[in-house]
Amino acid sequence: MTPSREIYWNIPGHIFLYILFFPFLIVFLYGMYRQVRRLLMGQPAGVLDHFWDRLRGFVEHAVLQRRIARDAVSGLLHLSMSWGFAALFIATCLVALQDYFGIPTLYGNFYLYFMSLTVDLFGLAAVAGVGIALVRRYGAKPDRLLKPRLADNYGVLLALFLVILVTGFLIEGLRIAATADPWGHWSPGGWLASLPFVGFGEAQHATLHRLLWWFHAIVAFAFVAYLPYSISLHMLAAPANILLRNRERSGVLQPIDLEKAERFGASTIGQYTWKHLLDLEACTECGRCQQVCPAWTTGKPLTPKGVIIDLRDHLRLVAEGGDSRKMVGDVISHDVLWACTTCGACHQECPVFIEPIPKIVEMRRHLVMEEAEFPETMQQALRSLEERGHPFRGTSATRTDWAKGLGVKTVAGNGRPDILYWVGCAAAFDERNQKVAVSLAKLMQRAGVNFSILGEEERCTGDPARRIGNEYLFQILAGENITTLNRYGIKKIVTSCPHCYNTIKNEYPKLGGSYEIVHHTEMLADLTRQGRLRPERRMDGVASFHDPCYLGRHNGVYDSPRRLLGAIPGLQVKEMGRCRERGFCCGAGGGLMWFEEKIGKRVSWERTEEALALQPQVLASACPFCLIMFEDALKVKGANETTRPLDLAEVIAQSVEGSD
Amino acid sequence: MPLNIIVCIKQVIDPEIPASQFKIDPGTKRQVQGSHSLVISAYDQNALEVAIQLKEKQGGKVTAISVGAATAATALKSALSMGADEAILVDDPAIAASDQQGIAYVLAKATQKVGTFDLVLTGCVSGDWGDRAVPAFMAEELGIGCVSFVSRIEAKDGQVVLRRVVEDGYELIEAKTPVLASVISDDTNTPRYPKLKDIMAAGKKTIPTWKAADLVLDPDRVGSGAARVAITDVYLPLKESKCEMIKGDTPQEQAANLAARLRELKLI
Ligand code: SF4
Ligand code: SF4
């Protein structure tokens with residue numbers, strides 16, 4: 001006999017299902033309509049480029065959920081629930097296929113292996129997933145879910161899930177028991193559920209089954225209706241957000257057309273693009289971003305999750321007719337806005353590709369350009385940028401002092417070099433970082449690299465101005481630099497500053513400046529591989545490498561620095577717990593180099609303590625700001641005698657015989 | 001009471017350049033600008049801030065005046081972007097080489113040409129020459145009182161109360177308007193960061209340039225010919241260092257010789 005079961009057994013009036021569904025559908029559609037209307041409050045945004053790449057990302061992150069699976073427990077529970085329900089939903093559709101189109105989905109091997117066994121196992125997985133979720137949420141209570149506040153209503157969602165799943169299995173069990181289904185054990189869940197009912201009478205079976213069947217249907221419909229009004233919305237909004245994600249690097253900020261703009265930055269929620277608003281609706285409140293945020297973990301009021309859910313709640317209130325609070329200042333406080341180092345950890349971590357940085361920077365833009373209300377120390381840095389083209393007010397150096405006696409040529413005096421060394425303001429004006437410039441210049445000379453510098457013609461790339469929120473100043477500085485670079489026909493650039501690297505590489509092209517740029521660690525790694533630099537002098541001891549955010553996370557350069565350290569004989573390289581993609585910020589990015597951290601612990605101290613736990617002789621970095629932060633923090637910790645903060649160029653210079 | 005305030009600002013070469021970059025042209029005996037930027041002299045910015053705050057509270061009008069070269073227009077634009085209502089540049093070769101008294105005379109004439117005024121504010125000392133002379137001379141020219149080193153001003157009962165910073169505290173001085181005050185910085189008058197829309201609006205404004213003729217100046221009181229102060233020389237202080245080895249066979253002997261030599265030089 002062909003394995004099968006009777007479709008809609010015991011449910012003669014199943015056709016009424018559709019009538020019953022109708023009101024629930026109306027409620028669902030109305031909820032979705034409101035949702036779309038909320039999104040349409042935003043500004044236009046183009047997101048449909050590169051369709052295939054978007055689809056690839058969708059499969060990777062919405063279907064296979066790679067980012068969610070980075071946390072094993074959450075990954076497991078989420079995959080079991082989402083795939084479990086997906087399988088059950090597909091099975092339900094397949095039943096409909098047989099009913100309407102006569103395709104025999106409930107017959108033969110397909111029925112046994114897929115419709116019974118596979119689907120049942122998925123259902124059991126979903127039950128397990130709900131179980132783990134309940135234990136974790138209400139038993140283990142991890143901080144990242146509970147703090148800064150519990151805004152979601154996952155409890156209702158999980159309860160609905162549980163009722164739908166359990167009643168589903170009971171219905172199946174009743175049918176198996178009542179029909180003495182010879183293939184019942186192919187549905188392990190249903191078979192188990194059938195056991196208690198074996199002794200029941202026929203009428204009892206039938207009544208109970210019918211009651212539960214309709215109850216199951218109503219709960220399932222209720223879930224559909226409830227979806228747009230609850231955190232369950234993420235089941236639709238999150239996959240949509242993954243599909244429509246920003247494909248650019250996380251370190252890139254979008255330019256404002258200053259000629260045409262009527263406002264600068266965002267002071268009301270409707271001034272964000274609809275894609276940014278979708279970000280808000282897609283947030284699952286998982287708190288992964290918060291867990292890695294250097295501001296939050298050192299006691300600042302900023303949490304990226306908090307920013308997203310506060311903005312989302314504000315958006316909903318505004319859409320419902322009003323929120324008397326100001327977005328900048330009331331909903332999101334100034335302390336929150338000035339705590340972000342733009343380190344990108346939250347972007348890296350978010351399973352659904354939500355981007356807190358541009359939201360924060362838009363509000364900073366409003367404060368800086370429209371209100372002129374921002375921290376005094378940052379004002380001074382920007383004034384210095386306006387007046388002197390660099391943010392190091394009160395420096396005793398000129399742009400070329402570091403190069404005295406080294407025979408470094410300027411482009412103006414050297415014609416066209418093979419490569420331009422973009423020194424950056426920090427290496428030119430900060431005494432400690434001048435040593436890095438010297439080391440790098442000597443290494444390049446030793447390796448026979450034909451380079452020159454712009455000298456007095458170099459300006460700040462504008463990175464601090466842009467990230468503090470002064471887009472106007474950024475565009476002026478960038479414009480001057482691009483004019484200079486293009487005038488000299490510069491094609492190739494090396495820089496020792498990851499911030500300059502990021503800006504020139506990712507942000508200048510939109511303003512008319514496209515150059516091939518490498519970070520000095522990439523160049524030094526190449527020169528070492530080619531044998532043009534030979535780090536042969538032994539360096540005994542332990543070294544650890546701190547990933548600068550704008551080199552690592554924002555631009556994906558992780559290996560060259562490690563290859564360099566690995567090339568030094570004797571040096572033992574130890575990784576900190578938070579390294580590579582999960583590297584922890586030094587605290588100076590996003591313009592916070594010019595901000596006095598008064599709340600909580602200093603980010604740089606937190607990072608330095610992590611490094612000191614490895615007892616390294618060398619704390620290596622590859623960014624002038626990290627170096628300044630570590631110099632300072634190591635002194636405060638009294639460890640500057642035993643642990644030296646060095647730039648990788650300095651480390652290599654020490655190991656290359658005769659280079660110093 | 002609404003106040004009409006005149007603020008005199010001067011454009012100077014960025015005073016924050018590294019010392020090694022400070023160069024003097026031996027011919028003109030003036031600092032060489034080179035590639036350095038031009039900024040508003042620091043205390044003049046505090047004066048502007050005081051004026052703008054007063055206007056915001058009392059109503060009235062702030063007019064910025066600068067005597068200088070055509071480049072000073074950028075300084076006046078930033079005054080406008082901070083909140084000055086009007087800006088006037090006085091630029092004429094005939095007055096270029098005036099001394100402090102000459103400049104004070106020109107500023108006073110320009111102030112009178114603007115019309116009625118209740119307050120005249122200047123920085124207490126300029127970022128380049130730093131000889132603190134113009135405010136007093138200017139008050140003299142205008143025939144009004146002068147209060148120096150003022151950090152805050154309040155309007156009260158038709159008068160102004162000026163907070164004058166002195167060595168070990170401050171004095172509060174009540175004065176009838178019009179009065180001139182030279183302004184010193186404190187934490188209430190940090191120059192504001194301008195808003196972008198104000199920067200853009202300032203960029204579009206035209207700044208009138210007044211010539212000597214516009215001010216009906218007495219030619220005998222301006223220019224190098226009228227100057228009563230002549231600069232005979234300007235130079236960078238020379239820093240010399242000499243090295244002298246202290247002799248002695250034992251550390252004790254060396255120490256004794258060192259002490260003796262230091263005493264000889266009257267250093268201990
Ligand atoms: S960019 Fe870094 S500091 Fe800013 S919110 Fe994200 S994780 Fe926190
Ligand atoms: S922004 Fe992303 S990582 Fe942060 S809570 Fe929301 S979904 Fe989670």
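What follows draws every value from the coordinates through simple rules; no lab data is involved. Just so we're clear, the structure is a prediction, and the values are computed from it rather than from any experiment. So basically every Cβ, Gly included, is an ideal-geometry build from the backbone, and we count neighbours across all protein chains shown.
Compute the separation of the alpha-carbon centres of the range B:144-198 and the range A:98-177 and state it in Å as a whole number.
Answer, in whole Å: 74.
What is the angle, in °, between the Cα long axis of helix A:304-319 and the longest principal axis of the Cα atoms in chain A? Nearest 10 is fine, range 0 to 90.
Rounded to the nearest ten degrees, it is 60.
Which of the peptides A:616-627, A:571-582 is most tightly packed, and how do the rest follow, judged by the mean count of other Cβ atoms within 10 Å per residue?
Values: A:616-627: 27.1, A:571-582: 16.0.
Listed from highest to lowest mean packing, they are A:616-627, A:571-582.
Counting DSSP beta bridges in chain A, what percent are antiparallel, to the nearest 5? Write down the numbers at each step before the final one.
Numbers: 2 of 24 bridges.
So the antiparallel bridges in chain A amount to around 10 percent.
What is the distance in Å between the Cα centres of the range B:36-112 and the range A:287-337?
A separation of 44 Å, based on Cα centres.
Evaluated at 4 °C with a viscosity of 1.567 mPa s, what Stokes-Einstein diffusion coefficient in µm²/s does chain B have when Rh comes from the Kirkwood expression over alpha-carbon pairs?
Estimated via Stokes-Einstein, D reaches 63 µm²/s.
At a Förster distance of 45 Å, what's the computed FRET efficiency of B:ARG228 paired with B:ASP14, Cβ-Cβ distance as r, to 0.05? Don't skip to the answer; put the middle values down first.
Working: r = 30 Å, r/R0 = 0.66.
Plugging the Cβ-Cβ distance into 1/(1 + (r/R0)^6) gives 0.90.
If you average the sequence gap of Cα pairs under 8 Å that are 6 or more apart and divide by the length of the range A:239-345, what percent do you get for the contact order?
29
List the GluC sites (Glu not before Pro) within the range A:240-292 that fall in a DSSP loop (any state other than H, G, I, E or B) and whose Cβ has at most 16 other Cβ atoms within 10 Å.
Values: sites: A:GLU248, A:GLU259, A:GLU262, A:GLU281, A:GLU285; in loops: A:GLU248, A:GLU259, A:GLU262, A:GLU285.
Loop-located and lightly packed - A:GLU248, A:GLU259, A:GLU262.
If you average over every viewing direction, what projected area does the convex hull of the Cα atoms of the protein assembly as shown give, in nm²? Spell out each step's value before the answer.
Details: hull surface 215.2 nm².
Result: a mean projected hull area of 53.8 nm².
When only DSSP loop residues count, what GluC sites (Glu not before Pro) in the range B:148-195 have their Cβ near at most 10 other Cβ atoms within 10 Å?
Numbers: sites: B:GLU154, B:GLU167, B:GLU171, B:GLU174; in loops: B:GLU167.
Of the GluC sites (Glu not before Pro), the ones in loops of the range B:148-195 whose Cβ has at most 10 other Cβ atoms within 10 Å are B:GLU167.
Quick one: which residues, 5+ away or cross-chain, put their amide H under 5 Å from the amide H of A:ASP647? H built at 1.01 Å from N.
A:SER621
Strictly over 27 Å apart at the Cα level, which of A:LYS326/B:LYS57; A:LYS359/B:LYS197; A:LYS505/B:LYS195; A:LYS141/A:LYS637; B:LYS23/B:LYS204 would you flag in this model?
Values: A:LYS326/B:LYS57 25 Å; A:LYS359/B:LYS197 22 Å; A:LYS505/B:LYS195 30 Å; A:LYS141/A:LYS637 34 Å; B:LYS23/B:LYS204 35 Å.
Among A:LYS326/B:LYS57; A:LYS359/B:LYS197; A:LYS505/B:LYS195; A:LYS141/A:LYS637; B:LYS23/B:LYS204, the Cα-Cα distance tops 27 Å for A:LYS505/B:LYS195; A:LYS141/A:LYS637; B:LYS23/B:LYS204.
Between A:PHE200 and B:GLN159, what is the label-point separation in nm under the 7 Å Cα-to-beta-carbon projection?
Going from the B:GLN159 label point to the A:PHE200 one covers 9.8 nm.
Nothing charged except the Cβ atoms of Lys and Arg (+1) and of Asp and Glu (-1): what's the magnitude of the dipole of chain A about its Cα centre? Round to the nearest 20 debye.
Details: 71 positive and 66 negative charges, 135 e Å.
With only Lys, Arg, Asp and Glu charged at Cβ, the dipole is about 640 debye.
Could you give me the ³J(HN,Hα) list for the range B:97-103, computed from phi with Karplus coefficients 6.51, -1.76, 1.60 and θ = phi - 60°, whole Hz, x at Gly and Pro?
Coupling constants for the range B:97-103: 9, 5, 8, 4, 5, x, 5 Hz.
Please compute the average number of Cβ atoms from other chains found within 10 Å of each residue's Cβ in peptide B:15-21.
Numbers: counts 0, 7, 4, 7, 1, 4, 4.
The shielding value for this peptide is 4.
Hey, if you put +1 on the Cβ of every Lys and Arg and -1 on every Asp and Glu Cβ in chain A, which of A:ASN433, A:GLY448, A:ILE357 ends up farthest toward the positive end of that dipole?
Checking the options against the dipole of chain A, the answer is A:GLY448.
Could you give each residue of the range A:114-121 its phi-based ³J(HN,Hα) in whole Hz, using Karplus coefficients 6.51, -1.76, 1.60 with θ = phi - 60°, and x for Gly or Pro?
These are the phi-based 3J(HN,Hα) values: 8, 4, 8, 5, 4, 4, 4, 5 Hz.
For a Förster distance of 22 Å, can you work out the FRET efficiency between the beta-carbons of A:ASP53 and A:GLU516, rounded to the nearest 0.05?
Details: r = 23 Å, r/R0 = 1.05.
Using R0 = 22 Å, I get an efficiency of 0.40.
Pop out the ³J(HN,Hα) list for the range A:500-507 in order, Karplus 6.51 cos²θ - 1.76 cosθ + 1.60 with θ = phi - 60°, rounded to Hz; leave Gly and Pro as x.
Whole-Hz 3J(HN,Hα) from phi for the range A:500-507: 4, 4, 4, 5, 5, 5, 9, 10.
Using per-residue counts of other Cβ atoms within 10 Å, averaged over each peptide, order A:334-346, A:589-601 from highest down. Kindly include the intermediate steps, with their values, before the conclusion.
Details: A:334-346: 24.7, A:589-601: 19.9.
Top of the packing list down: A:334-346, A:589-601.
Helix B:251-264: angle to the longest alpha-carbon principal axis of chain B, degrees 0 to 90, nearest 10?
50
Return an integer: the convex hull volume of the alpha-carbon atoms of the range A:304-447, in Å³ per residue. Write out the running numbers ahead of the final one.
Values: hull volume 26.6 nm³, N = 144.
Hull volume normalised by residue count: 184 Å³.
Among A:ALA126, A:THR167, A:LEU571, whose Cα projects farthest towards the positive end of the dipole of chain A, with charges put on the beta-carbon of Lys, Arg (+1) and Asp, Glu (-1)?
Selected residue: A:LEU571.
So what is the relative contact order for the range B:12-159, in percent, with contacts set as C-alpha pairs under 8 Å and at least six apart?
Numbers: 164 pairs, mean separation 36.6, N = 148.
Once normalised by length, the contact order is 25 percent.
Rounded, prolate or oblate for the range B:109-268? Axes are the square roots of the Cα gyration tensor eigenvalues, ordered a ≥ b ≥ c, and the cut-off for rounded is a/c under 1.5.
Note, shape of the range B:109-268 comes out prolate.
For the range A:201-270, report the translational diffusion coefficient in µm²/s to the nearest whole number, using Stokes-Einstein at 4 °C, 1.567 mPa s, and a Kirkwood Rh over Cα pairs. Let's see the in-between values first.
Details: Rh = 17.6 Å.
Rounded to a whole number, D works out at 74 µm²/s.
Calculate for the protein assembly as shown the 222 nm mean residue ellipticity that helices alone would give, adding -39,500 (n - 2.57) per DSSP H run of length 4 or more and normalising by residue count, nearest 500 deg cm²/dmol. Let's see the in-between values first.
Values: 34 runs with 394 residues, N = 928.
One gets -13000 deg cm²/dmol as the mean residue ellipticity at 222 nm.
Please build a GNM for chain B, connecting alpha carbons under 10 Å apart, and tell me which residue among B:MET245, B:MET200, B:MET82 fluctuates the most.
Among B:MET245, B:MET200, B:MET82, the largest GNM mean-square fluctuation belongs to B:MET245.
Using the Cα centre of the range B:3-226 as the reference point, and only Cβ charges (+1 on K/R, -1 on D/E), how large is the resulting charge dipole? Debye, rounded to the nearest 20.
Details: 23 positive and 28 negative charges, 135 e Å.
Charge dipole, the range B:3-226, about its Cα centre: 640 debye, nearest 20.
For B:185-197, what's the mean count of beta carbons from other chains sitting within 10 Å of each residue's beta carbon? Numbers along the way, then the final one.
Details: counts 0, 0, 1, 0, 0, 3, 2, 3, 14, 2, 7, 15, 6.
Partner Cβ neighbours, averaged per residue: 4.
Would you please name the trypsin sites (Lys or Arg not before Pro) within the range A:232-263 that are DSSP coil residues with at most 14 other C-beta atoms within 10 Å of their C-beta? Can you show the working numbers first?
Working: sites: A:ARG245, A:ARG247, A:ARG249, A:LYS260, A:ARG263; in loops: A:ARG245, A:ARG247, A:ARG249, A:LYS260, A:ARG263.
Listed in order of number, the matching sites are A:ARG247, A:LYS260.
When only Cα pairs under 8 Å and 6 or more residues apart are kept, what is the percent relative contact order across chain A? Before the final figure, lay out each step's value.
Working: 1035 pairs, mean separation 79.0, N = 660.
In percent, rounded to a whole number, it is 12.
Based on the Kirkwood radius over alpha-carbon pairs, what is the Stokes-Einstein translational diffusion coefficient of the range A:528-655 at 10 °C with 1.306 mPa s viscosity, in µm²/s?
Working: Rh = 14.9 Å.
So the translational diffusion coefficient is about 107 µm²/s.
Could you tell me which residue out of A:GLY479, A:TRP191, A:TYR154 lies farthest along the dipole of the protein assembly as shown toward its positive end? Charges go on the beta carbon: Lys and Arg +1, Asp and Glu -1, centred on the Cα centre.
A:TRP191
Quick one: which residues, 5+ away or cross-chain, put their amide H under 5 Å from the amide H of A:ILE490? H built at 1.01 Å from N.
none
Looking at the range B:3-226, send over the antiparallel percent of its DSSP beta bridges, to the nearest 5. Mind showing how you got there, number by number?
Numbers: 19 of 44 bridges.
The antiparallel fraction comes to roughly 45 percent.
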